[in-house]
1. Which residue is farthest from the other protein chains (Cβ to nearest Cβ), if the candidates are limited to the stretch B:2-51 and must be buried (at least 20 other Cβ atoms within 10 Å of the Cβ) and hydroxyl-bearing (Ser, Thr, Tyr)?
2. Within the stretch B:78-101, identify whether any single residue is within 14 Å of chain A (Cβ to nearest Cβ) and crowded, with 20+ Cβ neighbours inside 10 Å, and answer yes or no.
3. Of the residues in the stretch B:129-162, how many are touching a strand residue (DSSP E or B) at 6+ places or on another chain (Cβ under 7 Å) and over 29 Å from A:His13 (Cα atoms)?
4. Go through the residues of the stretch B:302-310 one by one and say whether even a single one is modelled with pLDDT under 95 and on the phi < 0 side of the Ramachandran plot.
5. How many residues does the stretch B:115-124 hold that are within 11 Å of chain A (Cβ to nearest Cβ) and more than 21 Å from B:Ala85 (Cβ to Cβ)?
6. Yes or no: B:Gly57 more than 23 Å from the chain's Cα centre (by Cα), within 14 Å of chain A (Cβ to nearest Cβ) and closer than 29 Å to A:Arg150 by Cβ?
7. Anything in the stretch B:103-127 that is in a strand (DSSP E or B) and either among the polar types (S, T, N, Q) or over 20 Å from the mean Cα position of the chain (by Cα) (or both)? List them, or say none.
Amino acid sequence: MSDAKKETLVMEHLVSLRYEEELTPILERYVDALIDGRIVGHKCPQCGRVFVPGKGYCPMCVVETTERDEVEVADTGTVTGFTIITPVAYYGQEETEPFVYASVLLDGADSTLGGQDVVGIPHDQIHSGLRVRAVWRPKEKRSGNAVTNRGWGSVASVIDAFEPTGEPDMDRAKFEEHIF
Amino acid sequence: MSDVAVVGWAQTPSVRLARESEVQLLVPTVAQALARANLDRREIGFTCAGSCDYLTGGPFAFVSNLEAAGAWPPIAESHVEMDGAWAMYEAWVRLQHGDIDTALVFGSGKSSPSQPAEVWAQQLDPYYLAPLGVDPVSLAGIQARALLDAGKATERDFAEVAVRSRHNAVDNPNAQVKGDASVDALLAEPYVRAPLRKHDLPPISDGAVAVVLARGDRARQLCERPAWIRGLDHRIEVHQPGMRDLTASPSTTLAARKAGYDGGPLDVIELSATFSPQELILREALGLDAGANVNPSGGALAANPVMATGLIRIVEVAQRIASGAADRGLAHATGGQVLQHNLVCMLEGE
């Protein structure tokens, strides 16, 4: 082995890939309802679980669901899990201050909406079991922009954030299986 | 080696654009494949899927796809970022352990949301080729030019492959590009990338395919005439296309030999030739004569749901064996650029 210091070569390779698609028909209905102020999902005809948004099938029973299985759920719910993210300046990151990334189990739903902001409470007081309600945008400012076919639940173009309702915490046993 | 057979299968029609999600394409496809094998999903011993998150444009898209198999209660499963044919290879190896006797395999892809020329350029080495944005059509054009320069084929030969594919696809309800065309008319069309014309290129497709495998007597219980996998092998060549003879496919020749192909008669051959010149290269690599029954489904030029295309070749051969229309067949799948990685599956009836 030579003692000569080896040169480290670094090259940058910034990749940009474009994807364009319409929302699936199920998500189109979901967005239309959101703009109308309603949150809808699909209720499995076999097990009764409600998935928001609907997937077109129940992932537990693997049976297909359609708009005939559509049900409305509440805009109140429970924080199941959350992260306070301190942003690092990677390409495309627009956040500069620590922000909340919470999963909310809406009342009447059996799946969580991921990536939700929680406002009206200091970050260090956010906890699993916190009862929250949606902070809707004014109707004229709502759009489907934040909803995508490959999303994790963001509805930020319709619901800005969730805020505490002031109710006592949800009994842990009722949301435990949704903690990711 | 345990005898393993294809006992169930299903595929979606290939379409230019499916509005449904990739999982929605898979849910009924997996259900149909299981139903054909008279199996409940809870009886499956191992599940393996092939798909590409770059194609879908979402990290962990392959995890959602698993919902089509029913992953609760928890199942034993795996995923390959490869064509579903390689997922079947993994399932076949898993069945060789001998402790389980059924497996579910699926492959799926929606090419419609992406720009395939951008996505597949990322498959190349990140130093020399990917930054250039060399896309599959350009590389296939270089391959076609090499064939012409070597005197191994003419542009008319390419067009004849396309005409035969489209003609064969007429009877395939799952095919996307079909119909009768004349070689002269096709040759009058402009080049897309010289010397390739549009008919030499595959369509951009969305689609999915599923296969159920079973071992030994279990296969005979589940299927009247199982399509037995007599051999399955895959071989890969050097990544850098400039270091290969693009007019030949030695990895296909070797995979076929290792899979037990001895040059004997084949009733049906399905090749993943996604560009028309590649069918000529693969025919030579396999030593097929001019009368060989190649791509009766229309092949990849008629329908190319990337990540499912290779496994569809296996289904097309298996269903002809199961129906009694064929006794012995060969299916081929490919991965990478310009036939870099090739898989050969020998299938036979009893």
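1. B:Ser14
2. Taking the stretch B:78-101 first, the residues within 14 Å of chain A (Cβ to nearest Cβ) are none.
So far as the stretch B:78-101 goes, no, none of its residues is within 14 Å of chain A (Cβ to nearest Cβ) and crowded, with 20+ Cβ neighbours inside 10 Å.
3. Let us first name the residues in the stretch B:129-162 that are touching a strand residue (DSSP E or B) at 6+ places or on another chain (Cβ under 7 Å), namely B:137-138, B:140-141, B:144.
Narrowing the set further to residues that are over 29 Å from A:His13 (Cα atoms) leaves B:144.
So the count comes out to 1.
4. No, the stretch B:302-310 contains no residue that is modelled with pLDDT under 95 and on the phi < 0 side of the Ramachandran plot.
5. First, pick out the residues of the stretch B:115-124 that are within 11 Å of chain A (Cβ to nearest Cβ): B:115-122.
So of that shortlist, the ones also more than 21 Å from B:Ala85 (Cβ to Cβ) come out as B:115, B:117-118, B:121-122.
Residues flagged as within 11 Å of chain A (Cβ to nearest Cβ) and more than 21 Å from B:Ala85 (Cβ to Cβ) within the stretch B:115-124 amount to 5.
6. Working: more than 23 Å from the chain's Cα centre (by Cα): no; within 14 Å of chain A (Cβ to nearest Cβ): yes; closer than 29 Å to A:Arg150 by Cβ: yes.
So B:Gly57 does not fit the description; no.
7. Pass one, the stretch B:103-127, residues in a strand (DSSP E or B): B:103-110, B:114.
Scanning the stretch B:103-127 gives B:Ser108, B:Ser114.
Table: residues versus (1) within 27 Å of B:Ala71 (Cβ to Cβ); (2) within 14 Å of chain B (Cβ to nearest Cβ); (3) of a type in the set (Lys, Arg).
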residue: A:Lys5; (1), (2), (3): no, no, yes
residue: A:Arg18; (1), (2), (3): no, yes, yes
residue: A:Ile26; (1), (2), (3): yes, yes, no
residue: A:Val50; (1), (2), (3): yes, no, no
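The values are calculated or read from the model by the stated rules, or taken from the named source; none is laboratory data. Since this is a predicted model, take the numbers as computed values, not measurements. Positions of Cβ are generated from backbone atoms using ideal geometry, with glycine treated the same way; all protein chains shown enter the neighbour counts.
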